[in-house]
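See structure below.
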Amino acid sequence: MRVLLFLLALISSLQAELDLKPLESWIAKQKTLRSLDTDFVQERKLPSLKKPVSTPGRLRMARPGKLRWELGNPVKTLAVSDGTTMTLLDVAKRRGKTIAAGSPDAKQFTLLSDDSFSDLASFQQTFELVESRVVSGIYQLTVRPKDKAMRKQVSWMFLDIDTRTHELRALDLQMADQSRIRTVFSNAKVNAKIDPAVFAADTAGFQMK
């Protein structure tokens, strides 16, 4: 019991010392974000692998809720959301499935495009803020999803935010299966015009569930 009380006190102490100003500045910038087109490199760490696997990709999103996430060059995995339905495609195997855009399985792709980032109150309703620090001008924030269904997919989330430009540099997800997915963004184009056809999934030739 004493150990449990000590841990609870430690967590409360960490939460009390959180610096929220960089987070507030970043969220404030999200209010003017209507679309995003950015390259990224995804590093996936698996318990069964000694070395992480790095793969390039591209993310395009338009608010509210539209998203196209491509992994691989050429593309091997594709996730497309029209705001209501998300289509997940394994391009190599020509297989795919559709799920609700608001489902826990879809959240790992749509986190940056939903209402959780509209203001600080919404962010705090969605995530438990655990720890923050600034390293070489990068604000590093550790959070945990409050929704139990979402937590079955994503146990922890780590954000790297540039304190100078208030831009997200990296998003790190600790998955429930103990794998870890770190996505580092680059060459971001904010509020550029994106063809609406990008957010329509072409499933011709795919075996769909």
Only one of 178, 140, 108 is of a type in the set (S, T, N, Q) and assigned to a helix (DSSP H, G or I), namely 108
Subset of segment 181-206, residues surrounded by fewer than 16 Cβ atoms within 10 Å (Cβ to Cβ), assigned to a loop (DSSP other than H, G, I, E, B) and aliphatic (A, V, I, L, M), comes to 192, 200, 204
By residue number, the members of segment 139-156 that are buried (at least 17 other Cβ atoms within 10 Å of the Cβ) and closer than 16 Å to residue 20 by Cα are 139, 140, 141, 142, 143
Of the residues in segment 1-33 that are farther than 30 Å from residue 178 by Cβ and at pLDDT 90 or above, the one that is farthest from the chain's Cα centre (by Cα) is 21
Subset of segment 143-167, residues in a strand (DSSP E or B) and of a type in the set (Lys, Arg), comes to 144
Note on segment 99-110: residues buried (at least 19 other Cβ atoms within 10 Å of the Cβ) and touching a residue at least 40 places away in the same chain (Cβ under 8 Å) are 107, 109, 110
Checked segment 44-75 for anything closer than 30 Å to residue 32 by Cβ, part of a strand (DSSP E or B) and out of contact with any Ser or Thr (no Cβ under 7 Å at 6 or more places or on another chain); matches are 56, 57, 58, 60, 68, 69, 70
By residue number, the members of segment 45-65 that are within 14 Å of the chain's Cα centre (by Cα) and more than 11 Å from residue 183 (Cβ to Cβ) are 58, 60, 61, 65
Of the listed residues (174, 153), the one being closer than 23 Å to residue 78 by Cα and free of Cβ contacts under 8 Å to residues at least 40 places away in the same chain is 174
Within segment 113-127, residues being under 14 Å from residue 23 (Cβ atoms) and modelled with pLDDT under 85 number 4
Among the residues of segment 118-137, the number that are of a type outside the set (D, E, K, R) and either closer than 22 Å to residue 70 by Cβ or part of a loop (DSSP other than H, G, I, E, B) (or both) is 3
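The values are calculated or read from the model by the stated rules, or taken from the named source; none is laboratory data. What you see is a predicted model; the values in this text were computed from it and never measured. Quick reminder, even Gly has a Cβ in these numbers, built from the backbone with ideal geometry, and neighbours come from all protein chains shown.
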